[in-house]
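Structure first, commentary second.
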Amino acid sequence: SSGSDDNDVVVVGGGPGGYVAAIKAAQLGLKTTCIEKRGALGGTCLNVGCIPSKALLHSSHMYHEAKHAFHNHGVKFSSVEVDLPAMMSQKDKAVSNLTRGIEGLFKKNKVTYVKGYGKFISPSEISVDTIDGENTVVKGKNIIIATGSDVKSLPGIAIDEKKIVSSTGALALTEIPKKLVVVGAGYIGLEMGSVWRRLGSEVTVVEFGPDIVPTMDSEIRKQFQRSLEKQGMKFVLKTKVVSVDTSGDGVKLTLEPAAGGDQTTFEADVVLVSAGRVPFTSGLDLDKIGVETDKGGRILVNERFSTNVPGVYAIGDVIPGPMLAHKAEEDGVACVEYLAGKVGHVDYDLVPGVVYTHPEVASVGKTEEQVKSLGVEYRVGKFPFMANSRAKAIDDAEGLVKILADKETDKILGVHIMAPNAGELIHEAAIALQYDASSEDIARVCHAHPTMSEALKEAAMATYDKPIHI
Ligand code: FAD
């Protein structure tokens, strides 16, 4: 047994949910241990998710801009090339710096870090097979499960991380594929598809459903899809991949209409399977202590993140809710605040969502479809970046801001932005929604000129009155 028998909190999993919970617990004076099997902190997000994907999105965007946009700004050079190994090593450096940074934060906050695979012996004891081949038992008054999620596999498509890759393999290809097929048009598929498209791949996205990113406001989605198509991405919707044949040089896919019908074949060099993610609890021995899960394997919790087993909690991708890093972090903080006798709070209606393509698409609050289905009378205010002076000055003016507000009270219900930096712009809207602001509240805030943020102000003006610049 380890020396940390008297833990107040033991966190299983060191992703954005788990490591944030561990740091917060220690800051609140609780004796805390975090167990992580990967050998590096930061979880999916930092190691094979948010961070490496944003590194490659930025690098590939730079290449694309150098090739297609710099000359418009009078910046000329004779040739531009991709050095893929250098691009990958920039990404790897970013990841390793950040994971080591979290280890530093653990030391600073006195969180004990145990590297190994944890499984329940009892509701207060975790057996850990450590990375260096030992076994230790970590005890705690409270245990937080933060074991995250894993790639969802599809029947008939075995992932080998070479020709048939998950997002993890797509972040580490050693050659630029001539033809890439992305199976699943969620944000991860579109981001990774964008990376390889910009680097020269022919990219075809095959999606079972009728729409890309189905949770998006449909008016924004249509413009977004058109923008991706202009960049050369192809979409085959309402179609399923029945099987893949990897016996030849590349991959031969067999496709079938979602509604049934004649099969067709399609060739690719690499196939990316990005059809969603599933909660990861394998090897945890949840049955042993009787923790309840839903049909999809997500751990069921109450508003205090408590499972049905007293003293056992769960947060992040492993519980229901949006599978996003910032949501996992909010869960972690709120869960630990409850444990420390305080009050925690996560507003799941106000978790922003961002697709980090170019332009980016970001949203917070309700889509027009959701507002309609609630039967609320509403107004829509829109402002295109084509009429925003900063966007025009830098020649990057694709996209718009769309605000939905209650017709009677003018309270903002949802904000949707497509713009190069939408992921940053959205937080002004997130604060407005959090404080129950009206569109007039945003419109009457002085916004610096010339900024992209002025488009939000103008869209707010358009919601209850008239914009100036269009
Ligand atoms: P995870 O990050 O999955 O962490 C769980 C950790 O627990 C893992 O490190 C795992 O090794 C460990 N673990 C599991 N079981 C055990 C065990 N028994 N013992 C010990 N350790 C264990 N989200 C965003 O918000 N923004 C983005 O831009 C974004 N981009 C993404 C891009 C990609 C390609 C992918 C795949 C995901 C992306 N996500 C993004 C989603 C984000 O990564 C997850 O929502 C987030 O990581 C969830 O955090 P978590 O702490 O719940 O779980």
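Remarks
- Neighbour cut-off at most 15 other Cβ (10 Å), DSSP loop, GluC sites (Glu not before Pro), region 266-337: GLU292, GLU303
- 3J(HN,Hα) couplings calculated from phi for region 307-322 with the Karplus curve 6.51 cos²θ - 1.76 cosθ + 1.60 (θ = phi - 60°) are, in sequence order, 7, 6, 9, x, x, 10, 10, 8, 9, x, 4, 7, 10, x, x, x Hz; Gly and Pro show x.
- Those trypsin sites (Lys or Arg not before Pro) in region 99-194 that DSSP places in a loop and that have at most 12 other beta carbons within 10 Å: LYS110, LYS162
- As a calculated quantity, the FRET efficiency between MET62 and HIS449 at R0 = 22 Å, using C-beta atoms, amounts to about 0.20.
- Taking θ as phi - 60° and the Karplus parameters 6.51, -1.76 and 1.60, the scalar couplings of region 36-41 work out to 9, 7, 6, x, 8, 7 Hz in sequence order, x denoting glycine and proline.
- 23 Å Cα-Cα threshold exceeded, pairs from LYS37/LYS107; LYS152/LYS240; LYS179/LYS234; LYS54/LYS107; LYS115/LYS162: LYS54/LYS107; LYS115/LYS162
- Taking a sphere under 11 Å around the Cβ of ASP129 and counting the other residues whose Cβ falls inside, with K and R at +1 and D and E at -1, yields a net charge of +1.
- Size of charge dipole - the chain - debye, nearest 20, with Cβ of Lys, Arg +1 and Asp, Glu -1, no other charges: 520 debye
- Where trypsin sites (Lys or Arg not before Pro) fall in DSSP loop in region 303-392, at most 14 other Cβ within 10 Å: ARG304, LYS342
- Per-residue Cβ neighbour counts within 10 Å put GLU369, GLU202, GLU454 in the sequence GLU369, GLU202, GLU454, beginning with the fewest.
- Gap separating the Cα centres of region 341-385 and region 23-60, nearest whole Å: 26 Å
- Isolated Cys in the chain, by beta carbon distance under 4.7 Å: CYS34, CYS335, CYS446
- Residue order, fewest to most surrounding Cβ atoms within 10 angstrom, among GLU377, GLU458, GLU360: GLU377, GLU360, GLU458
- Computing FRET efficiency as 1/(1 + (r/R0)^6) for LYS76 and ILE121, where r is the C-beta to C-beta distance and R0 is 51 Å, gives about 0.15.
- Averaging Cα coordinates gives a centre for region 285-316 and one for region 104-138; these two points are 20 Å apart.
- Extension gain for ILE431 to VAL380 (0.36 nm times residue separation, less C-alpha to C-alpha distance): 16.5 nm.
Read-outs: derived from the displayed coordinates by stated rules, not from any lab. Everything numeric here is computed off the predicted structure, so don't read it as measured data. Every residue, glycine among them, receives a Cβ derived from its backbone with ideal geometry; neighbour counts consider all protein chains shown.
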